[in-house]
């Protein structure tokens with residue numbers, strides 16, 4: 001066992017957390033129990049400084065006393081209740097068509113990532129219109145960039161009275177850890193089970209050779225834009241992860257591969273909802289431009305033009 005008496009610094013914490021999470025997940029055979037595996041790793045290295053425990057509690061959404069006892073080994077592990085959607089019986093064909101303008105937006109209750117508590121659509125009803133941006137997880141380099149873009153989008157939309165919320169298909173504690181070190185100026189909610197994506201009808205198409213080729217082409221285009229020398233898809237993804245400070249966890253990547261093999265790829269979508277809860281504008285990845293529209297995201301100007309149609 002490794003012992004550590006001194007508290008970790010910020011950079012060390014990120015590196016240690018990623019490594020511990022990875023090793024703990026491997027010991028558990030890839031079971032998607034993120035909080036338990038993360039805290040198990042903290043206990044292994046004797047990580048129990050009170051201020052650092054409070055930090056871990058904050059980024060995982062856990063209770064400080066619970067985290068402290070878990071880290072010291074005096075508490076029983078969390079149960080394996082955090083499972084990915086692939087463990088549920090959800091055939092892709094059961095998805096409804098995308099919500100259309102004029103329909104009532106389905107409500108939701110999701111864990112907040114960069115604020116306390118939960119976030120719901122009801123929080124905005126009667127108060128302000130809201131842009132809902134439904135994303136894949138942080139394993140998607142394009143989604144990491146789209147979420148960063150939403151920080152500026154939010155500022156522009158707020159000037160005309162429209163709020164913004166990004167819903168990310170990933171475990172909340174994983175998102176909290178990443179965005180603790182790379183904060184964004186847009187509210188985030190976690191939906192690892194993709195319940196909101198399904199409720200709004202965001203498609204999950206089969207990963208055909210044409211789709212896979214289009215996605216690879218978009219990565220190559222992005223690599224050229226960023227002057228990344230790598231030419232293979234795997235090499236490009238590795239460099240993008242390094243640039244973004246994102247450390248992939250093999251257990252998570254396997255979960256996503258299993259999900260894709262079983263249900264297909266997950267598209268993204270954006271929905272503008274007015275203060276009465278009615279959807280007023282919809283954009284689904286690839287709906288307008290087909291394969292050429294994959295991995296594309298509306299510009300701030302497009303979002304503003306759509307919002308101004310019903311806020312004026």
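The values are calculated or read from the model by the stated rules, or taken from the named source; none is laboratory data. It should be emphasised that the depicted structure is a prediction, and the values quoted were computed from it without experimental measurement. Note: ideal-geometry Cβ built from the backbone for every residue, glycine included; neighbour counts use all protein chains shown.
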Suppose the filter is within 19 Å of residue 169 (Cα to Cα) and assigned by TED's automatic domain parsing to the domain that holds residue 186; does residue 290 pass it? no
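Conditions (1) surrounded by fewer than 18 Cβ atoms within 10 Å (Cβ to Cβ); (2) assigned by TED's automatic domain parsing to the domain that holds residue 179; (3) touching a residue at least 60 places away in the same chain (Cβ under 8 Å), marked per residue:
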{"site": "224", "(1), (2), (3)": "yes, yes, no"}
{"site": "239", "(1), (2), (3)": "yes, yes, no"}
{"site": "252", "(1), (2), (3)": "no, yes, yes"}
{"site": "276", "(1), (2), (3)": "yes, yes, yes"}
Members of the range 109-126 found to be under 22 Å from residue 151 (Cβ atoms) and part of a loop (DSSP other than H, G, I, E, B), listed by number: 113, 114, 115, 116, 117, 124
Kindly indicate whether residue 106 is touching a residue at least 60 places away in the same chain (Cβ under 8 Å), in a loop (DSSP other than H, G, I, E, B), surrounded by 19 or more Cβ atoms within 10 Å (Cβ to Cβ) and touching a helix residue (DSSP H, G or I) at 6+ places or on another chain (Cβ under 9 Å). no
Does residue 257 qualify as being assigned by TED's automatic domain parsing to the domain that holds residue 165, in a helix (DSSP H, G or I), more than 22 Å from the chain's Cα centre (by Cα) and surrounded by fewer than 17 Cβ atoms within 10 Å (Cβ to Cβ)? no
Looking at 193, 163, which is the one that is touching a strand residue (DSSP E or B) at 6+ places or on another chain (Cβ under 8 Å), surrounded by 13 or more Cβ atoms within 10 Å (Cβ to Cβ), assigned by TED's automatic domain parsing to the domain that holds residue 97 and in contact (Cβ under 8 Å) with a residue 24 or more places away in the chain? 163
Considering only the range 113-136, how many residues are surrounded by fewer than 21 Cβ atoms within 10 Å (Cβ to Cβ) and touching a helix residue (DSSP H, G or I) at 6+ places or on another chain (Cβ under 8 Å)? 1
Of the numbered conditions (1) part of a helix (DSSP H, G or I); (2) at pLDDT 95 or above, residue 262 satisfies every one except a single condition; which is it? (2)
For the range 181-198, enumerate the residues that are closer than 15 Å to residue 105 by Cβ and part of a helix (DSSP H, G or I). 195, 196, 197, 198
Has the range 127-144 got any residue that is more than 19 Å from residue 268 (Cα to Cα), assigned by TED's automatic domain parsing to the domain that holds residue 219 and in a helix (DSSP H, G or I)? no
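Would you say residue 245 is over 24 Å from residue 195 (Cβ atoms), at pLDDT below 95 and under 16 Å from the mean Cα position of the chain (by Cα)?
Yes; evaluated as a whole, the condition is true for this residue.
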Given the options 271, 303, name the one that is part of a strand (DSSP E or B) and in the same structural domain as residue 202 (by TED's automatic domain parsing). 271
Filter result for residue 204 (at pLDDT below 95, in the same structural domain as residue 279 (by TED's automatic domain parsing), out of contact with any strand residue (DSSP E or B) (no Cβ under 8 Å at 6 or more places or on another chain) and surrounded by fewer than 16 Cβ atoms within 10 Å (Cβ to Cβ)): no
